[in-house]
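The values are calculated or read from the model by the stated rules, or taken from the named source; none is laboratory data. What you see is a predicted model, and the numbers here were worked out from it, not measured in a lab. Counting neighbours? That spans all protein chains shown, and the Cβs are built from the backbone with ideal geometry, glycine included. For accessibility, only protein heavy atoms count, side chains too; no ligands or nucleic acids. Shrake-Rupley method; radii C 1.70, N 1.55, O 1.52, S 1.80 Å.
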Amino acid sequence: MAVAERVLKILELESEPGLLHGFSTLVLGSVGLSHAPDHEPVLTSRRDFARALGVDSEPLTVLGAVHGASVARVDEPQDVVQGVDALVTDRRGVSLFATYADCYPIVLWDPQRRCAALVHAGWRGTVAGVGPAAVRALGDEYGSEPAGIRAGIGPGICGRCYEVGEEVASRFDPRFVSPGPGDRFLLDLAAANRAQLEEAGVPNVHTLGMCTKETSFLPSHRRSPDGTRFGAIVALR
């Protein structure tokens, strides 16, 4: 992937006529406000990201992640939806937005019901089943059938790089855990989320396959815990 790219997309979802999605890179700058000493460059980066996807005229509805599995429905633009790790919508004019630095963004899209979700999946959210919770929310709110949903897993820390302790590793199926250095373990969070989505009945799960720690133009908390973040946007055309 070229360093010059400002926005990354999941190829299998890019051709969907009703869906806009993308993940920003550091070419656009950090989009994380929480640890930014100056908010204005971050807000400029967010506007540039939205403009690159063609949603610059619409305000971003920010997902206020708490590393859980709560899901909120969004019917009109809001500044921030606090206390959730997934947002769902079926409305044009709503642009779902979240920030990441090693956790995984998950995009869900139902072309039949024309609804979508944006998920924030760290290890805690994955243990809690945030991906399947978003699948269920699409069904509850819009009548989506899991078999009709297409899923994309964006960039995040890969199973070669994500070292965790036994207290975290023991909470995952052993098929997603391998021995690491010393008393550490390596956790494949993308594979765990993919398996959860497939077990929830979603047959089409596509992965970008890009590791934040290994990719210089993506922020990684494990590589550089400086508060920089990349963003994900999901919107309906």
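For region 228-237: of the residues being in contact with a Leu (Cβ under 8 Å, 6 or more places away or on another chain) and either modelled with pLDDT under 95 or open to solvent by 20 Å² or more (accessible area, probe 1.4 Å) (or both), which is farthest from Arg6 (Cα to Cα)?
At the first step, the residues of region 228-237 found to be in contact with a Leu (Cβ under 8 Å, 6 or more places away or on another chain) are 228, 230, 232-237.
Narrowing the set further to residues that are either modelled with pLDDT under 95 or open to solvent by 20 Å² or more (accessible area, probe 1.4 Å) (or both) leaves 228, 237.
On the way: Thr228: 15, Arg237: 20 Å.
Within region 228-237, the match that is farthest from Arg6 (Cα to Cα) is Arg237.
Would you mind listing the strands (runs of 3 or more DSSP E) fully within region 166-225 where at least 1 residues are among the aromatic types (Phe, Trp, Tyr) and farther than 26 Å from His21 by Cα? Don't jump to the end; show me each part of the working.
Values: elements: 177-179, 185-187, 204-207.
Once the strands (runs of 3 or more DSSP E) in region 166-225 are filtered for at least 1 residues that are among the aromatic types (Phe, Trp, Tyr) and farther than 26 Å from His21 by Cα, what remains is 185-187.
Has region 30-40 got at least one residue that is part of a helix (DSSP H, G or I), out of contact with any Pro (no Cβ under 7 Å at 6 or more places or on another chain) and open to solvent by 50 Å² or more (accessible area, probe 1.4 Å)? Please lay out each step first, then the result.
Step one: filter region 30-40 for residues part of a helix (DSSP H, G or I), giving 39-40.
Still in the list and also out of contact with any Pro (no Cβ under 7 Å at 6 or more places or on another chain): 39-40.
Now narrow it down to the ones that are open to solvent by 50 Å² or more (accessible area, probe 1.4 Å): 39-40.
Yes, there is a match, as at least one residue in region 30-40 is part of a helix (DSSP H, G or I), out of contact with any Pro (no Cβ under 7 Å at 6 or more places or on another chain) and open to solvent by 50 Å² or more (accessible area, probe 1.4 Å).
Got a number for residues in region 66-90 being open to solvent by 40 Å² or more (accessible area, probe 1.4 Å) and in a loop (DSSP other than H, G, I, E, B)? Before the answer, list the steps.
If we filter region 66-90 for residues that are open to solvent by 40 Å² or more (accessible area, probe 1.4 Å), which is where we start, we get 66-67, 70-71, 73, 75-80, 82, 90.
Among the residues that remain, those that are also in a loop (DSSP other than H, G, I, E, B) are: 66-67, 70, 75-79, 90.
Looking only at that region, the number is 9.
Based on what the data block shows, is Val130 in contact with a strand residue (DSSP E or B) (Cβ under 8 Å, 6 or more places away or on another chain), among the β-branched types (Val, Ile, Thr), open to solvent by less than 30 Å² (accessible area, probe 1.4 Å) and at pLDDT 95 or above?
On the way: in contact with a strand residue (DSSP E or B) (Cβ under 8 Å, 6 or more places away or on another chain): yes; among the β-branched types (Val, Ile, Thr): yes; open to solvent by less than 30 Å² (accessible area, probe 1.4 Å): yes; at pLDDT 95 or above: yes.
Criteria met by Val130.
Quick one: which residue in Gln82, Gln78 is polar (S, T, N, Q) and under 17 Å from the mean Cα position of the chain (by Cα)? Lay out the reasoning, then the answer.
Numbers: Gln78 fails: under 17 Å from the mean Cα position of the chain (by Cα).
Exactly one of Gln82, Gln78 is polar (S, T, N, Q) and under 17 Å from the mean Cα position of the chain (by Cα), namely Gln82.
Being open to solvent by 10 Å² or more (accessible area, probe 1.4 Å) and closer than 16 Å to Leu19 by Cα is the filter here; which residues of region 41-65 pass it?
Residues satisfying the conditions are Arg51, Ala52, Leu53, Gly54, Asp56, Glu58, Leu60.
Please determine, by comparing only the residues of region 209-227 that are basic (Lys, Arg) and in contact with a Cys (Cβ under 8 Å, 6 or more places away or on another chain), which one is most open to solvent (accessible area, probe 1.4 Å). Break it down into steps so the answer makes sense when it comes.
Applying the first criterion (basic (Lys, Arg)) to region 209-227 yields 213, 222-223.
Cutting the leftovers down to in contact with a Cys (Cβ under 8 Å, 6 or more places away or on another chain) gives us 213, 222.
Working: Lys213: 76, Arg222: 101 Å².
Result: Arg222.
Between a first residue in region 164-189 that is free of Cβ contacts under 8 Å to residues at least 40 places away in the same chain and open to solvent by less than 70 Å² (accessible area, probe 1.4 Å) and a second residue that is in a strand (DSSP E or B) and aromatic (Phe, Trp, Tyr), which pairs have beta carbons less than 8 Å apart while being 6 or more apart in sequence or on different chains?
Gly165/Phe185; Ala169/Phe185; Val177/Phe185; Ser178/Phe185
Given (1) touching a helix residue (DSSP H, G or I) at 6+ places or on another chain (Cβ under 6 Å); (2) outside any strand (DSSP E or B), identify the lone condition not met by Arg51.
(1)
Among the numbered conditions (1) buried (at least 24 other Cβ atoms within 10 Å of the Cβ); (2) under 29 Å from Gly29 (Cα atoms); (3) not aromatic (Phe, Trp, Tyr), tell me where Val135 comes up short.
(2)
List every residue pair whose Cβ atoms lie under 7 Å apart, where the two residues are 6 or more positions apart in sequence or sit on different chains, the first residue falls within region 91-107 and is within 10 Å of Leu63 (Cβ to Cβ) and open to solvent by 10 Å² or more (accessible area, probe 1.4 Å), and the second residue, located anywhere, is outside any strand (DSSP E or B) and basic (Lys, Arg).
So the pair list comes out as Thr99/Arg229.
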